[in-house]
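The values are calculated or read from the model by the stated rules, or taken from the named source; none is laboratory data. The shown structure was predicted, so the numbers you read here are calculated from the model rather than taken from an experiment. Backbone-built Cβ (ideal geometry, glycine too); neighbour counts: all protein chains shown.
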Amino acid sequence: MKVAIMGFGVVGSGVAELFAKNHNKIVSSSTQPELELKYILDIKDFPGSPFADMMIKDFNIILNDPEVGIVVETMGGLKPAYDYVSACLKAKKSVVTSNKELVAEKGYELLSLAKENGVNFLFEASVGGGIPIIRPISQCLAANEIDEIAGILNGTTNFILTKMFKEGMSFGDALKLAQENGYAESNPAADIEGTDACRKICILASLAFGKHVYPEEVYTEGITKITTEDVDYAKNWGGVVKLIARAGRLENGKIFALVSPAFVKSSSQLASVDDVFNAILVRGDATGDVVFYGRGAGKMPTASAVVADVIDCAKHAVSKKVFGWEDGIPNYVVDYTSLPVSLYVRVSAVGNTSEIKKELESKIPGINYLVRSASPANEFAFVTPEMPENEIREKLTEINGISIINTIRITDY
Ligand code: HSE
């Protein structure tokens, strides 16, 4: 059985290199003695590459070659990845992808297409880079009802936040370093605005809760508004700020899902996840919390997950993997603002601060103030008790003389 790679970027070139480096191990694990890389499709030229003799520019060569049974898609984006992957599945070739956007937007459709055509569509690398998470949820934890998933799912933002916290690096310098290391998306807005983490929680929620969750249904907030002042208040509170993607099952059969920066207590397992590392906490009704940790981005960790899927496709060339979810339904993802939350709020006050605080305490009993050194006299910050988020926000609008600078949700993982 022959393999083709579509897209020779960071991940695709890692897949080719890993395939060459560990070829004997990969072939023996695959139970297909003739498993071999045959083509690499890319629009660019790579003169001098050790894979130059496999390079092609015409997708139809892959599509029309009956020897190619497994196609790896590492192009990213929807165009032309979606058309190419659909065509491969219809041509009864299994597909392995690392493309989060493709799975988050078209996962249900492509899984159905794979099923109809008796082939596999696998995407372990689409979430958590080198961390096994798709297979553990679909196989190892299959006996559980999953109650909740929460994770640090974007290596770039975690790298940036860590550099800002621990090394005082500016946001821009840390982002540049992440790009140089090959962690960031080609358009890093997808990282820093939370879109990448949103796509990943959509995939995990679809898998864990059984219906497709589309990115537009998930409230998503990135890290661009986080400042060193918020960091100082988080330290005073006893924790750190992390970009947390989470989703959970509700008693009414619906789910919640959102991505936002969050205060995380220092004692949490997620608080010590630094740099490009990702961690995913899965709360099963039988297992309790299980945490998966490792390199969530980068060439070789992601290639490792892709090649493992290639091996799985080869092993399941005849008996296909039964794997997938139903399509999404309207209003399946509830309005996150109706759910109880505790909020960190930083405000600037206009007028008599002690009067303003008195009004605040009467409208929201039970708030706790935070402090930081060198804060201006008219600035203060506090943490609210747990209440539905829309109620907290409504009450905050009723307080005279405050202007909200930032709010950050508090998690209890
Ligand atoms: N840009 C992504 C990240 C790459 O930083 O996590 C891995 O999906």
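Numerical summary
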item	result
Residue count, the range 65-93 (criterion: surrounded by 24 or more Cβ atoms within 10 Å (Cβ to Cβ), within 24 Å of the chain's Cα centre (by Cα) and not in a loop (DSSP other than H, G, I, E, B))	4
Single match in A87, A52 (criterion: within 14 Å of V119 (Cα to Cα) and not assigned by TED's automatic domain parsing to the domain that holds Y183)	A87
In the range 314-353, the residues that are free of Cβ contacts under 8 Å to residues at least 40 places away in the same chain and under 22 Å from D230 (Cα atoms)	T353
Cβ pairs under 7 Å, 6+ apart, first in the range 110-136 and under 14 Å from R295 (Cβ atoms) and modelled with pLDDT under 95, second within 16 Å of the ligand (Cβ to nearest atom) and among the basic types (K, R)	G129/R295; G130/R295
Output for the range 142-170, where each listed residue is hydrophobic (A, V, I, L, M, F, W, C) and without any contact (Cβ under 8 Å) to a residue 24 or more places away in the chain	A142, M169
Subset of the range 172-206 [farther than 25 Å from P136 by Cβ, in contact (Cβ under 8 Å) with a residue 40 or more places away in the chain and part of a helix (DSSP H, G or I)]	A178
Which numbered condition V213 fails, given (1) part of a helix (DSSP H, G or I); (2) over 20 Å from G130 (Cα atoms); (3) more than 16 Å from the ligand (Cβ to nearest atom)	(1)
Residue list for the range 285-324, restricted to those being in contact with a strand residue (DSSP E or B) (Cβ under 8 Å, 6 or more places away or on another chain) and within 16 Å of the ligand (Cβ to nearest atom)	F292, Y293, G294, R295, G296, A297, P301, V306, D309
Boolean, E148 is in a strand (DSSP E or B), surrounded by fewer than 24 Cβ atoms within 10 Å (Cβ to Cβ) and away from the ligand (no atom under 15 Å from the Cβ)	yes
Any chance V273 is buried (at least 21 other Cβ atoms within 10 Å of the Cβ) and either in contact with a Cys (Cβ under 7 Å, 6 or more places away or on another chain) or assigned to a loop (DSSP other than H, G, I, E, B) (or both)	yes
Test: residue in the range 171-192 that is of a type in the set (S, T, Y), more than 16 Å from the ligand (Cβ to nearest atom), more than 17 Å from V127 (Cβ to Cβ) and not assigned by TED's automatic domain parsing to the domain that holds G7	no
Verdict on D309 being surrounded by 15 or more Cβ atoms within 10 Å (Cβ to Cβ) and in contact with a helix residue (DSSP H, G or I) (Cβ under 6 Å, 6 or more places away or on another chain)	yes
